[in-house]
Amino acid sequence: MIVAVFAWRFPVVQQATPAPTGSIDPSVTVPAGASPGAPQDGSPATTGVEYLSALPAHAGTTNLTELPRELRKTAGFERAIVIKCPSNQSNDKISEVTYQLFGRFDTFQATVRPYFESQPDARMHVEVLVGERTRDGGLAWAVGGGQYEANAEEPKPVSAVVEGMQELEIQVQCQLPDGVAILVDAALYE
């Protein structure tokens with residue numbers, strides 16, 4: 001009983017470990033075969049990486065599409081996921097794609113690169129929602145991160161803390177319906 005009182009009165013507090021900081025800056029070059037979070041000196045990476053392009057989408061698969069023809073042979077898009085812009089009709093304002101995480105990952109990172117055929121400088125809004133399991137078995141959703149300023153000439157990073165989360169949902173809103181959101185090296189880090 002004394003041990004239980006002591007444990008209750010003086011709980012052990014563990015230090016939180018920082019999230020992995022794999023580079024998603026498009027100006028940083030990563031050697032062929034290396035992953036963005038891996039050390040460049042050849043030593044093994046300290047974290048596991050899963051690219052969204054290698055994971056099946058749980059919902060919203062009809063919103064996924066191929067890379068635009070003009071970009072298919074461009075280096076750097078090998079692991080990209082591409083989400084279609086919504087039609088912007090009254091019942092289609094947001095394109096959503098959901099992935100199951102099962103609490104396995106700590107961080108999500110990607111670079112948002114909009115692509116529009118008719119107006120290259122058009123903007124888009126990309127938001128990352130995270131779903132945490134509730135006691136009743138449902139999901140409580142919260143905004144994990146967002147990118148509001150990216151355009152084709154200025155790709156921008158987006159990240160979210162996903163530690164302990166069950167699902168990750170990427171939502172895309174576009175100024176024009178003829179575009180796609182290209183998430184370059186969209187990855188989950190353990």
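If we sort 141-147, 171-177 on the protection proxy, mean other Cβ atoms within 10 Å, highest first, what's the order?
171-177, 141-147
With a point put 7 Å past each Cα toward its Cβ, work out how far ASP136 is from GLU153 in nm, to one decimal.
With each label point 7 Å from Cα toward Cβ, the separation is 5.0 nm.
Taking N as the number of residues in region 65-141, what is its alpha-carbon radius of gyration divided by 2.2 N^0.38 Å?
Ratio of Cα Rg to 2.2 N^0.38 Å: 1.38.
Would you mind working out the accessible area per residue for region 51-180, using a 1.4 Å probe, and quoting it in Å²? Present the calculation step by step, with values, prior to reporting the outcome.
Values: 6900 Å² over 130 residues.
That works out to 53 Å² for each residue.
Which aspartates and glutamates have a Cα less than 17 Å from the Cα of LYS156, not counting those fewer than 8 places away in the same chain?
Within the straight-line limit of under 17 Å, LYS156 reaches these aspartates and glutamates: ASP25, ASP121, GLU127, ASP185.
The values are calculated or read from the model by the stated rules, or taken from the named source; none is laboratory data. If you're wondering where the values come from, they're calculated on a predicted model, not measured in any experiment. Ideal geometry is used to build each Cβ from the backbone, glycine not excepted, and the neighbour counts take in all protein chains shown. Each accessible area value is taken on the protein alone, full model and side chains, heavy atoms only, with ligands, DNA and RNA left out. Shrake-Rupley method; radii C 1.70, N 1.55, O 1.52, S 1.80 Å.
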